[in-house]
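Written below as structure tokens is the structure these notes are about.
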Amino acid sequence: MTVNERLKQARKALNMSQAEFAKAIFISNGYIAELESNHRKVNDRIIHLISLTFGISEAWLKNGEGEMLYKTPDEKLQRMISLFNDLPPKFQDYVMVQIETLLNTTKTG
């Protein structure tokens with residue numbers, strides 16, 4: 001199975017239309033259609049966006065290794081910690097402010 005086919009499989013597993021999936025990762029419907037039909041290459045940026053947005057394993061998307069979805073909150077947390085640690089300190093601070101803002105928004109909304 002190709003990365004393009006795994007992308008389509010992931011979208012279907014999430015029970016999302018191409019339009020919903022594309023909107024969630026800020027790309028066009030046509031771009032998703034071209035990826036799924038193997039007319040475009042799935043690049044690392046798209047893989048990373050899909051992984052972050054939907055909890056899909058990058059290793060699974062790239063080469064079919066492991067499980068499609070992160071299974072437990074601990075796995076998600078470990079992934080988040082790894083990504084956070086890869087950021088320069090000024091971006092870590094920005095992420096923290098965004099998380100706090102999001103939490104405050106969800107508490108009042």
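Say whether the condition of being at pLDDT below 90, closer than 27 Å to GLU34 by Cβ, open to solvent by 80 Å² or more (accessible area, probe 1.4 Å) and out of contact with any Ser or Thr (no Cβ under 7 Å at 6 or more places or on another chain) is met by at least one residue in region 89-105.
Among the residues of region 89-105, not one is at pLDDT below 90, closer than 27 Å to GLU34 by Cβ, open to solvent by 80 Å² or more (accessible area, probe 1.4 Å) and out of contact with any Ser or Thr (no Cβ under 7 Å at 6 or more places or on another chain), which makes the answer no.
Which of the following residues is in contact with a helix residue (DSSP H, G or I) (Cβ under 7 Å, 6 or more places away or on another chain) and polar (S, T, N, Q): SER51, SER37?
SER51
Among the residues of region 42-86, write down those that are among the hydrophobic types (A, V, I, L, M, F, W, C) and farther than 26 Å from ALA22 by Cβ.
Across region 42-86, the qualifying residues are LEU77, ILE81, PHE84.
Being at pLDDT below 90 and either open to solvent by 40 Å² or more (accessible area, probe 1.4 Å) or among the charged types (D, E, K, R) (or both) is the requirement here; does LEU77 meet it?
So LEU77 fits the description; yes.
Looking at SER51, is it among the hydroxyl-bearing types (Ser, Thr, Tyr) and under 11 Å from the mean Cα position of the chain (by Cα)? First the steps, then the outcome.
Values: among the hydroxyl-bearing types (Ser, Thr, Tyr): yes; under 11 Å from the mean Cα position of the chain (by Cα): yes.
For SER51, the condition - among the hydroxyl-bearing types (Ser, Thr, Tyr) and under 11 Å from the mean Cα position of the chain (by Cα) - is met.
Answer yes or no as to whether LYS62 is closer than 22 Å to GLN78 by Cβ and either open to solvent by 20 Å² or more (accessible area, probe 1.4 Å) or touching a residue at least 24 places away in the same chain (Cβ under 8 Å) (or both).
For LYS62, the condition - closer than 22 Å to GLN78 by Cβ and either open to solvent by 20 Å² or more (accessible area, probe 1.4 Å) or touching a residue at least 24 places away in the same chain (Cβ under 8 Å) (or both) - is met.
Here's a check for you: in region 6-59, which residue that is among the aromatic types (Phe, Trp, Tyr) and surrounded by 14 or more Cβ atoms within 10 Å (Cβ to Cβ) is farthest from SER82 (Cα to Cα)?
Residue satisfying both the conditions and the ranking: TYR31.
The values are calculated or read from the model by the stated rules, or taken from the named source; none is laboratory data. Model, not experiment: these values are computed from the prediction. Using ideal geometry, Cβ is built from the backbone for each residue, glycine included, and neighbour counts are taken over all protein chains shown. Please note that ligands, DNA and RNA were not included when accessible areas were found on the heavy atoms of the full protein model with its side chains. Shrake-Rupley method; radii C 1.70, N 1.55, O 1.52, S 1.80 Å.
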